[in-house]
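Here is the structure we will look at.
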Amino acid sequence: MTPLLPPNVGADELDDPFWDGCRRHEFLLHVCRECRRAYWPAASCIDHGWAPMQWQPSSGRGEVHTYTVFHHAYMPWLADRVPYAIAVVRLDEGPFFHSDIVGCAPSVVAIGLRVEVVFEEAGEGWVLPHFRPTPADAPCATDDRRIVP
Amino acid sequence: MSSGAPEFCIAGLGVTAQGRHLGIPPRALRREALELALADAGLTRRDVDGYIGTSSEPGFEDVRHLGLSPAFAWAMSAGGATATWSIINAMGAIRAGQAQVVACTYGAAPTTRPRGASGGRSGGYGAYGYGYPMMYGMVGAASAHALHAQRHMYRYGTTSAHLGAVAVAQRAHAALRPGTIGYGQPITLEEHQASPMIVEPFRLLDCCRDTDGGVVVIVTTTARASALRSKAVDILGVGTGQNLRNWWTGDVYDLHDDIAPAAHTAFGQAGLTVGDVDVASLYDPFTISPLMQLEAYGFCGPGEGGPFIAAGETGLGGKIPTNTGGGQLSGYYATGFTAVVEGILQMRGEGGATQVADAEVALVSGHGGNAGVQNTWSHATLLLGAHR
């Protein structure tokens with residue numbers, strides 16, 4: 001049985017609304033209502049602080065900004081998964097999100113690959129977002145995906 | 001500190017054996033390093049009026065065990081930047097009138113199991129987790145650095161052979177340095193390419209290994225050091241950077257660590273430029289690290305790090321001899337102290353077979369500190385000078 005959360009890691013309680021959103025198959029980001037900048041994980045806006053921050057649904061789309069493929073299993077529960085790809089997804093709304101890339105061979109993963117979220121039951125009441133390649137015509141929400149222009 | 005004679009210096013260095021499975025508890029390593037540093041400087045325990053711990057333990061039990069009576073004792077934690085940071089912090093404490101002689105102390109034994117410990121293999125530093133990404137199987141510092149390496153390869157065409165050139169060059173230095181894990185064991189690029197893939201693009205020989213060991217660096221004023229036994233090493237300039245600002249702009253994976261502001265501050269204090277640096281001692285848990293840092297400091301242009309190193313420019317006859325003790329990759333992993341120690345040795349002319357002739361300025365870097373989703377938040381730059 002794969003433990004969802006290994007002993008030395010836990011989901012940050014300030015991100016609970018995000019994980020609750022995943023249970024509803026909603027991919028939320030922490031958005032500043034003043035300037036519309038989006039953040040992940042939960043953060044204070046660098047210009048407007050905590051007060052205007054609100055969890056809001058997002059596109060769940062982005063592109064692979066960088067990635068790696070694990071060939072070594074650092075822990076026993078990962079032994080049957082190697083090789084597997086871990087990517088930093090640049091979400092269309094701006095923030096980075098670390099995820100595995102599913103629905104394709106690790107060798108297909110490349111920087112710039114368009115990806116979209118897919119939710120999967122992970123046991124113990126958890127639903128994890130994963131990312132998979134999207135069709136090439138998937139729209140990008142904005143050209144400038146920097147959080148700070 | 002800018003212009004004029006350096007105000008601070010390193011007046012004592014203690015380095016224990018550094019290696020795997022030494023079987024010595026961390027506190028004993030710190031004690032031994034302290035005694036070596038005091039003997040090096042010609043100081044006594046009672047002279048130490050400031051203590052900065054840089055290991056994961058809080059350090060208060062250390063002070064009693066070490067037999068010290070300082071005015072202050074605190075611990076710092078910034079991963080691989082802690083060593084360089086601790087020296088900056090010691091300077092600040094001295095400047096603020098809180099101490100004259102500060103011991104920056106490190107000792108760890110990640111490859112020695114503590115007595116009474118149970119269970120399986122710990123995994124060491126290499127199996128660190130980074131918050132929620134660990135749920136997907138992102139485990140270990142190698143993967144966190146691989147994310148930077150992949151960007152560099154994508155943007156500039158850097159290759160595994162370029163990374164291998166880093167490993168080969170540093171092993172060539174370690175092969176000549178007694179007491180390192182690579183001593184007497186040079187490697188070839190073919191051996192690097194044949195080593196197993198761990199996390200792309202890193203092969204086994206792109207990664208450092210955990211080692212046990214202790215280091216103490218004693219920081220004091222140049223005036224105080226003039227009466228001491230050891231050959232003082234001047235602190236010419238120091239600087240810090242923080243990668244979070246690059247996280248906000250989305251540039252964090254292209255930059256490795258936040259060198260620009262640190263270099264600006266440190267070189268400005270020293271009144272030097274990168275062209276004045278004779279030897280570089282760069283924090284190097286993985287081969288991509290010195291490659292990207294050489295670019296960031298300006299020893300070569302953006303994207304040129306791979307060809308620069310492959311051409312031998314970081315070797316003893318090259319433009320900027322780098323990690324002349326083998327670094328962490330082939331020397332030993334005393335977290336950030338590996339780089340600090342080598343900078344000090346070079347400025348004292350004690351580099352042995354890999355001493356850079358007539359070296360007068362050493363550049364030392366450190367980076368690290370985890371924040372859940374990214375591994376290189378803190379950066380510190382240190383410019384050391386041979387005392388004239």
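The numbers here are math on the coordinates, done by the rules we state, and not lab data. Treat the numbers as computed from the prediction; the structure is a model and nothing was measured. Please note: Cβ atoms are built from the backbone with ideal geometry, for glycine as well, and neighbour counts cover all protein chains shown.
Quick check on packing: order B:239-248, A:112-121 by the mean number of other C-beta atoms within 10 Å, highest mean leading.
On the way: B:239-248: 20.2, A:112-121: 17.2.
With the highest mean Cβ count within 10 Å placed first, the list reads B:239-248, A:112-121.
What percent of all Cα-Cα pairs in the stretch B:241-388 falls in each 10 Å bin, counting up from 0?
12, 44, 36, 8, 1
What does the structure give for B:145-152 when I average, per residue, the other chain Cβ atoms found within 10 Å of the residue Cβ?
Working: counts 1, 6, 9, 2, 2, 11, 5, 1.
What the average comes to for B:145-152 is 5.
What area, in nm² and to one decimal, does the C-alpha convex hull of chain B cast on average over all directions?
Mean shadow area of the hull around the Cα atoms is 17.9 nm².
Let a ≥ b ≥ c be the square roots of the eigenvalues of the Cα gyration tensor of the stretch A:36-84; is it rounded (a/c under 1.5), or, if not, prolate (a/b larger than b/c) or oblate?
Prolate shape, in that a/c is at least 1.5 and a/b is the bigger ratio.
Roughly what % antiparallel, to the nearest 5, for the DSSP beta bridges in the stretch A:13-133? If you can, show how the numbers build up before the last one.
Working: 32 of 33 bridges.
In the stretch A:13-133, DSSP labels about 95 percent of beta bridges as antiparallel.
Relative contact order for the stretch A:13-133: what is it in percent, counting Cα pairs under 8 Å that are at least 6 residues apart? Before the final figure, lay out each step's value.
On the way: 240 pairs, mean separation 27.9, N = 121.
Rounded, it is 23 percent for the stretch A:13-133.
How large is Rg/Rh for the stretch A:13-133, to two decimals, with Cα atoms and a Kirkwood Rh? If you can, show how the numbers build up before the last one.
Details: Rg = 15.3 Å, Rh = 15.3 Å.
Radius of gyration over Kirkwood radius for the stretch A:13-133 works out to 1.00.
Report, for the protein assembly as shown, the % of DSSP beta bridges that are antiparallel, rounded to 5.
Numbers: 71 of 84 bridges.
Antiparallel bridges make up about 85 percent of those DSSP assigns within the protein assembly as shown.
Spin-label point model (7 Å from Cα, Cβ direction): what's the B:Arg388 to A:Asp80 distance in nm?
Reported label-point gap for B:Arg388 and A:Asp80 is 6.8 nm.
Which of A:Ile111, B:Ile288, A:Ile46 comes first, and how do the rest follow, when ranked by fewest Cβ neighbours within 10 Å?
Details: A:Ile111 18, B:Ile288 28, A:Ile46 15.
Least to most surrounded, the residues fall as A:Ile46, A:Ile111, B:Ile288.
Need one value for A:71-78: mean number of C-beta atoms belonging to other chains within 10 Å of its residues' C-beta atoms.
On the way: counts 7, 12, 2, 14, 7, 2, 2, 4.
Mean shielding count: 6.
I need the fraction of alpha carbon pairs in the protein assembly as shown separated by more than 40 Å, rounded to a whole percent.
Values: 35552 of 143916 pairs.
More than 40 Å apart: 25 percent of the Cα pairs in the protein assembly as shown.
Take B:Thr111, B:Thr354 and order them by how many other Cβ atoms sit within 10 Å, fewest up front.
Working: B:Thr111 19, B:Thr354 22.
Result, fewest neighbours first: B:Thr111, B:Thr354.
Starting from the eigenvalues of the Cα gyration tensor, five times each then square-rooted, give me the equivalent ellipsoid semi-axes of the stretch B:136-188, largest first, whole Å. The partial results should precede the final answer.
On the way: eigenvalues 146, 51, 9 Å².
So the equivalent ellipsoid measures 27, 16, 7 Å along its semi-axes.
Go ahead and estimate [θ] at 222 nm for chain B from helices alone: -39,500 (n - 2.57) per DSSP H run with n ≥ 4, summed, over the residue count, rounded to 500. Walk me through the numbers before you get to the answer.
Numbers: 13 runs with 128 residues, N = 388.
Using -39500 (n - 2.57) per qualifying helix, the result is -9500 deg cm²/dmol.
Multiplying the sequence separation of B:Arg64 and B:Glu7 by 0.36 nm and subtracting their Cα-Cα distance, what value in nm do you get?
17.5 nm
Just to confirm my numbers, what's the Cα centroid distance between the stretch B:272-349 and the stretch B:183-215 in Å?
Taking the Cα centre of the stretch B:183-215 as reference, the centre of the stretch B:272-349 is 17 Å away.
Taking a label point 7 Å from the Cα of A:Trp126 along the Cα→Cβ vector, which residues of the stretch A:51-88 have an amide N closer than 17 Å to it?
Residues passing the 17 Å test: A:74-81, A:86-87.
Where both residues lie in chain B, what percent of DSSP beta bridges are antiparallel, nearest 5?
Working: 38 of 50 bridges.
Antiparallel bridges make up about 75 percent of those DSSP assigns within chain B.
Explain nothing, just the number: dipole magnitude of the stretch A:13-133 about its Cα centre with +1 on each Lys and Arg Cβ and -1 on each Asp and Glu Cβ, in debye rounded to the nearest 20. Walk me through the numbers on the way to the answer.
Values: 10 positive and 16 negative charges, 78 e Å.
Rounded to the nearest 20 debye, it is 380 debye.
Neighbouring Cβ atoms within 10 Å as the yardstick, rank B:Thr287, B:Thr322, B:Thr159 fewest first. Could the numbers behind the result be given before it?
Working: B:Thr287 32, B:Thr322 28, B:Thr159 14.
Lowest count first: B:Thr159, B:Thr322, B:Thr287.
Quick one: compute the contact order of chain B, relative version, from alpha carbon pairs under 8 angstrom and 6+ residues apart, as a percent. Don't skip to the answer; put the middle values down first.
Numbers: 962 pairs, mean separation 97.5, N = 388.
Across chain B, relative contact order equals 25 percent.
Under 8 Å for C-alpha pairs, at least 6 residues apart: give me the relative contact order for the stretch B:250-342, rounded to a whole percent.
On the way: 100 pairs, mean separation 25.8, N = 93.
Relative contact order, the stretch B:250-342: 28 percent.
Give me the inter-chain shielding for A:80-86: mean count of other chain Cβ atoms within 10 Å, whole number please.
Details: counts 0, 2, 2, 3, 3, 3, 9.
The per-residue average across the peptide is 3.
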